Amino acid sequence: MAKKTFQQLYEDEKQKPTAAQLFISKVAEITHRQETTVRMWLSGRQTPDELAKSIIAKEFNVSVNDLFPKMALS
């Protein structure tokens, strides 16, 4: 095993994606959208279309109305 300093171990950890980043990447991948689009959905600046909503709901085994309560009527 290569020897690393405490600082190097910390820097290695900083390079790993966070759980939130992994979530965004997964949603982007399953909906075939860009990560920036998913971030806009999360911020409320854009709304996912019905197909994207249904894909996300199916992936996470949650109803569309539960996942998107404000968006359910759109």
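The values are calculated or read from the model by the stated rules, or taken from the named source; none is laboratory data. The model shown is predicted, which means the values in this text are computed figures rather than measured ones. When we count neighbours, we look across all protein chains shown, and the Cβ atoms used for this are built from the backbone with ideal geometry, even at glycine. With ligands, DNA and RNA removed, areas are computed over all heavy atoms of the protein, side chains included. Shrake-Rupley method; radii C 1.70, N 1.55, O 1.52, S 1.80 Å.
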Quiz item: Are any of the residues in region 30-44 under 15 Å from the mean Cα position of the chain (by Cα), touching a residue at least 24 places away in the same chain (Cβ under 8 Å) and open to solvent by 60 Å² or more (accessible area, probe 1.4 Å)?
Solution: no
Quiz item: Taking only pairs six or more apart or across chains, which ones have beta-carbon atoms under 8 Å, a first residue in region 1-22 that is closer than 30 Å to Q34 by Cβ, and a second residue that is open to solvent by 100 Å² or more (accessible area, probe 1.4 Å) and basic (K, R)?
Solution: D12/K4
